[in-house]
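Below is one structure, written out as structure tokens; the observations come after it.
The values are calculated or read from the model by the stated rules, or taken from the named source; none is laboratory data. All figures in this text were calculated on a predicted structure; none of them were measured in a lab. FYI the Cβ positions are ideal-geometry reconstructions off the backbone, even for glycines, and counts take in every protein chain you see.
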Amino acid sequence: MPAPRPVGLFVSLALLTQNLWAELPAQPINLRQTYQGGQEASLNSQLAEEQIEENKARLDQARAAFQPTVQFTASQQNRSANLATQGLSGSGSVLPIGPFVGPFYSFDSRVQVLYTLVDAQARWRAKSAQAAVEVATARRKIRRQESGTRASSAYLQLIATRHSQQYVADDLKAAQETLRLARDQKRVGVAAGIDVTRAETDVVSATLRQQQADRNVVDANLALARALGQPLTFTYLPDQESVPALDQDYTAETALARALRERVEFLVLDSQEQQLAAEVSAAAASTSPTLGLSADYGFAGNTPAANVFGTHNVGLQLQIPLFDGGLSQARVAEQNSLLQQLRLQRHDQTLQAEQEVRSALTSFDLSQKQIGSALSGIRLAESERTMARDRFAAGLTNSLEVTNAQASLARARDAEAQARYSYSQAVLQLAVAMGTPETLTEQPWNTRRNP
């Protein structure tokens, strides 16, 4: 029995890979679902939610300083006392008892209320805590945008790998057709054995590229499933071939203006500035007077049933700091320094936003040109391959010309797939640079390719 031909073995392996891949569960998905799923599944998004709750709890703690404190106490003691320690006995004493008193029982139970009427420092700290909640809320939006963008990038990678997979499948089919033609030509005496061998080599090469393309799709699916927090056995079927078109044509100036208006990083800086300004005021208010009210009412006696009378205390307490060793001034200087650092960060963040916007626009314009060039290259390569195959079928050339033409077409298709992926990524990165990645998920779904 003759040994199996290597070409048949490679083709069988390729078909086996495709069959195994086809058995995996499939799930249609679009960019909106990807973006939202990435936001919900991200650990960073979940941590950001908890950080908001943490800061809300701190705000409640700060506000508690302005609420009355009510407590109940009760005690029953057996006591003795030396009146001499209080100057109530001795040579000048007129008390008819000795210096030692006791033992005797003492009972006391009462409700006490404490209420802060004036505390400027506590009020500024509450405002700082409120700003901290706003900072945490803005940071949650940043984390959600980052998570959604990461999942969207994986979605675009899956689209690109599926495009490449289809192109490679077409190349394999063309190589197999060339092999059949070469064998037919050899049987009729038009082609030589080297032509058949060369065609078989092309089939093996195309089969290997098909296997690698299949693997790339598997890896892209794994990355997308991981970003969505879904089972890694899922095969996702994109509902689109490309990202939606931008909602308008942007120049560097209009894109930067939108970035400065929409990017959440600037909202975070605004809230942080409010927080630090409140901290500066709180540090300065540490030398301000505080006024509090205290009141209690209860029952005092020897035991709960003996000599019990109702007693009360009501009073105001005023505290005026006179000198703290320069502590308040040092705290004010510290917070002012942090505030100045934040303003320097704002300037740097503005430059960063401009860099990202201009870089994304450059990539966007370049990728559009690359797609046009790649499409022209495909048309020329397809024409070259058709002419080479016709010449080979007519016996006017050997299979080398067909092989070279097929290789040129494969390179042109690879360039076109990469250009489309670059275009999709450029659109996504431009939306991210402007602080509006959600707008891509709000555009109408296009089943055609852009541009």
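Couple of notes before you dig in:
- Listed by first and then second residue, the pairs linking a residue in segment 266-294 that is without any contact (Cβ under 8 Å) to a residue 40 or more places away in the chain and part of a helix (DSSP H, G or I) to a residue that is among the β-branched types (Val, Ile, Thr) and crowded, with 17+ Cβ neighbours inside 10 Å, with Cβ atoms under 7 Å apart and 6 or more places separating them unless they lie on different chains, form an empty list.
- Applying a threshold of 9 Å to beta carbon distances and a minimum spacing of six or more residues, or different chains, the list of pairs starting in segment 51-66 at a residue that is closer than 21 Å to Arg143 by Cα and ending at one that is assigned to a helix (DSSP H, G or I) and basic (Lys, Arg) reads Gln51/Arg139; Gln51/Arg140; Ile52/Arg139; Ile52/Arg140.
- Each residue in segment 377-426 was checked for being more than 30 Å from Ala154 (Cβ to Cβ) and polar (S, T, N, Q), and 9 of them qualify.
- Residue within segment 358-372 that is more than 25 Å from Leu428 (Cβ to Cβ) and not β-branched (Val, Ile, Thr) present: no
- Hey, Phe234 within 30 Å of Ser153 (Cβ to Cβ) and modelled with pLDDT of 90 or more or not: no
- Screening the candidates Glu334, Glu354 for the property of being surrounded by 16 or more Cβ atoms within 10 Å (Cβ to Cβ) and among the charged types (D, E, K, R) yields one hit, Glu354.
- Some residue of segment 176-198 being more than 30 Å from Arg346 (Cβ to Cβ), under 24 Å from the mean Cα position of the chain (by Cα) and in a helix (DSSP H, G or I): no
- Filter result for Glu384 (without any contact (Cβ under 8 Å) to a residue 40 or more places away in the chain, part of a helix (DSSP H, G or I), in contact with a Ser or Thr (Cβ under 7 Å, 6 or more places away or on another chain) and of a type in the set (D, E, K, R)): yes
- Set Leu222, Leu260: member being assigned to a helix (DSSP H, G or I), of a type outside the set (Ser, Thr, Tyr), touching a Phe, Trp or Tyr at 6+ places or on another chain (Cβ under 7 Å) and surrounded by fewer than 20 Cβ atoms within 10 Å (Cβ to Cβ): Leu260
- Restricting the first member to segment 370-381 and to residues that are more than 18 Å from Ala407 (Cβ to Cβ), and the second to residues that are of a type in the set (Phe, Trp, Tyr) and part of a helix (DSSP H, G or I), the beta-carbon pairs closer than 8 Å and six or more apart or on different chains are Gln370/Tyr423; Ile371/Tyr423.
- Only one entry of Gln121, Gln166 meets the criterion of being within 30 Å of Ala199 (Cβ to Cβ) and of a type in the set (S, T, N, Q), and that entry is Gln166.
- Some residue of segment 133-142 being of a type outside the set (A, V, I, L, M), within 60 Å of the chain's Cα centre (by Cα) and under 30 Å from Ser422 (Cβ atoms): yes
- Criterion (in a helix (DSSP H, G or I) and modelled with pLDDT of 90 or more) met by exactly one of Leu400, Leu375: Leu375
- Taking segment 29-73 as the range and being small (Gly, Ala, Ser) and assigned to a helix (DSSP H, G or I) as the test, the residues that pass are Gly37, Gly38, Ala41, Ser45, Ala48, Ala57, Ala62, Ala64, Ala65.
- Residues of segment 35-86 satisfying the condition of being in contact with a strand residue (DSSP E or B) (Cβ under 9 Å, 6 or more places away or on another chain) and of a type in the set (A, V, I, L, M, F, W, C): Ala65, Phe66, Val70, Phe72, Ala74, Ala81, Leu83, Ala84
- Some residue of segment 230-246 being exposed (fewer than 13 other Cβ atoms within 10 Å of the Cβ), among the aliphatic types (A, V, I, L, M) and under 22 Å from the mean Cα position of the chain (by Cα): yes
- Residue in segment 371-382 that is within 22 Å of Ala192 (Cα to Cα), surrounded by 18 or more Cβ atoms within 10 Å (Cβ to Cβ) and small (Gly, Ala, Ser) present: no
- Residue among Ala191, Ala199 that is farther than 17 Å from Ala410 by Cα, in contact with a helix residue (DSSP H, G or I) (Cβ under 6 Å, 6 or more places away or on another chain), modelled with pLDDT under 90 and crowded, with 22+ Cβ neighbours inside 10 Å: Ala191
- Yes/no for Asp170 being assigned to a strand (DSSP E or B), charged (D, E, K, R) and surrounded by fewer than 18 Cβ atoms within 10 Å (Cβ to Cβ): no
- Test for Ala131: is it modelled with pLDDT of 90 or more, under 30 Å from Glu265 (Cα atoms), in contact with a Leu (Cβ under 8 Å, 6 or more places away or on another chain) and part of a helix (DSSP H, G or I): no
- Taking the criterion of being touching a residue at least 40 places away in the same chain (Cβ under 8 Å), surrounded by fewer than 19 Cβ atoms within 10 Å (Cβ to Cβ) and either over 18 Å from Gln166 (Cα atoms) or of a type in the set (A, V, I, L, M, F, W, C) (or both), the residues of segment 399-421 that qualify are Leu400, Ala415.
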